[in-house]
Amino acid sequence: MSWAQPAELSKLLHLPQEDWLPRQAAYQQRVRRYADPYLARRSAGRKHPVEDFLFTYYTQKPGQLLRWHPGAGVVLSGPEAAGRTGWKYYRAPDDGELAAAGLPAGTPAVTVDVGAFLLDRREALRFAGIILSGTAARPAQFGCFGLHEWAMVYRQDRFELRHEYLRLRLGPDRTDQVVEENRIRCSHFDAFRFYTPDAVPLNSLEPSRENQRTMEQPGCLHANMDLYKWAYKLAPLLPSELVMDCFELSWRIRAMDMQASPYDLGEWGYRAIRIETPDGKAAYVEYQRAFAAESQELRHRLLQELTRLPQAMDTAMGSESPATSAPQPRKSSEGQP
């Protein structure tokens with residue numbers, strides 16, 4: 001069944017095969033720079049504490065990432081395009097859509113089936129809009145110093161060992177001391193949920209899945225890494241080059257995040273950002289500010305793509321007002337802030 005395109009997509013862009021095949025090849029070469037070493041390591045049973053993360057923590061697999069999509073509102077023509085009619089959320093355009101793209105009736109072509117995507121994944125699209133717009137509107141916070149990674153190994157001898165193949169740079173006792181000497185202020189639930197049980201009450205905020213939409217803020221490394229997650233979850237509506245821009249930003253953030261972690265990554269060629277020192281904290285904030293600025297640009301690009309789909313975005317951008325929400329402090333046992 002064919003579904004109507006939103007009005008903003010009624011003017012379809014045509015990409016002939018001689019234009020889109022090279023673009024697809026360039027994109028796939030870009031992906032293979034990251035995916036091929038990961039697949040080789042996986043086959044050999046080896047691990048990498050930085051470069052495996054985006055393929056193991058997130059649900060997008062290398063084969064899925066390798067599929068190039070032009071995004072919504074584009075007609076791909078040519079014999080190679082016709083093979084995509086079997087891909088999820090793709091279909092052959094009707095004669096009216098071919099005419100809108102400047103093509104004669106019967107031209108072998110394919111386009112993203114926006115209507116089918118909206119039917120199946122409207123809530124995912126809506127939630128992504130809430131998270132992205134709310135995060136973009138809040139002030140960035142730069143006082144966490146990457147201590148979330150330290151809280152994940154706090155007193156870990158009492159609990160399940162995390163990353164058993166990695167050595168703590170300062171040893172377990174000094175690592176625990178760093179956690180106890182610093183204020184822990186993580187606003188991101190998907191980092192907070194990996195804290196050891198003893199570290200949970202040390203966090204001055206209470207992030208949860210329920211308050212995620214009001215707590216995420218653009219200074220958070222994990223919120224900025226998650227731009228990749230929101231981008232790939234909206235495939236194939238988004239152009240794959242934008243998804244890959246988010247991937248590469250997440251890749252660089254992950255490297256910095258682990259440099260500031262308690263682990264010794266010298267074996268993999270990563271120099272530590274010693275956040276237990278004043279100079280290390282200052283270096284961390286400098287990186288964090290740069291990533292926040294870059295992430296905000298990508299966040300706005302994602303939102304621009306989503307606003308081309310008003311049928312799904314009306315609720316996300318209108319009925320909620322996440323922009324004014326700020327992270328809430330953890331309350332004491334007496335109920336006071």
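The values are calculated or read from the model by the stated rules, or taken from the named source; none is laboratory data. Everything quoted here is computed from the prediction, not taken from an experiment. Every residue, glycine as well, gets a Cβ built from its backbone with ideal geometry; the counts of neighbours run over all protein chains shown. Heads up: the accessible areas ignore ligands, DNA and RNA and are worked out on the full protein's heavy atoms, side chains in. Shrake-Rupley method; radii C 1.70, N 1.55, O 1.52, S 1.80 Å.
Hey, among A109, A137, which residue is hydrophobic (A, V, I, L, M, F, W, C) and either farther than 26 Å from L227 by Cβ or buried (at least 18 other Cβ atoms within 10 Å of the Cβ) (or both)? Give the derivation first.
On the way: A137 fails: either farther than 26 Å from L227 by Cβ or buried (at least 18 other Cβ atoms within 10 Å of the Cβ) (or both).
Criteria check complete, one pass: A109.
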Looking across region 152-179 at residues that are open to solvent by 40 Å² or more (accessible area, probe 1.4 Å) and in a helix (DSSP H, G or I), the single one that is modelled with the lowest pLDDT is R158
Counted residues in region 99-151 being outside any helix (DSSP H, G or I) and within 21 Å of the chain's Cα centre (by Cα) come to 8
Subset of region 180-206 [surrounded by 22 or more Cβ atoms within 10 Å (Cβ to Cβ) and either out of contact with any strand residue (DSSP E or B) (no Cβ under 8 Å at 6 or more places or on another chain) or in a helix (DSSP H, G or I) (or both)]: H188, A191, F192
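Of L227, L238, L249, which residue is under 30 Å from H69 (Cα atoms), in contact with a Cys (Cβ under 8 Å, 6 or more places away or on another chain) and crowded, with 17+ Cβ neighbours inside 10 Å?
Answer to the selection: L227.
Yes/no matrix, rows are residues, columns are (1) open to solvent by less than 60 Å² (accessible area, probe 1.4 Å); (2) part of a helix (DSSP H, G or I); (3) out of contact with any Cys (no Cβ under 8 Å at 6 or more places or on another chain):
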site: Q28; (1), (2), (3): yes, yes, yes
site: S43; (1), (2), (3): no, yes, yes
site: L54; (1), (2), (3): yes, yes, yes
site: P70; (1), (2), (3): yes, no, yes
site: L76; (1), (2), (3): yes, no, yes
site: T85; (1), (2), (3): no, yes, yes
site: K88; (1), (2), (3): no, no, yes
Considering only region 265-300, state which residues are open to solvent by 10 Å² or more (accessible area, probe 1.4 Å) and touching a Pro at 6+ places or on another chain (Cβ under 7 Å). W268, Q296
Determine whether F145 is surrounded by 17 or more Cβ atoms within 10 Å (Cβ to Cβ), at pLDDT 90 or above and within 30 Å of Y263 (Cβ to Cβ). yes
Just to check your reading of the model, which residue among L237, L168 is closer than 30 Å to G129 by Cβ and of a type in the set (A, V, I, L, M, F, W, C)? L237
All but one of (1) exposed (fewer than 13 other Cβ atoms within 10 Å of the Cβ); (2) more than 21 Å from P49 (Cα to Cα); (3) of a type in the set (D, E, K, R); (4) at pLDDT 95 or above hold for D314; state the number of the condition that does not hold. (4)
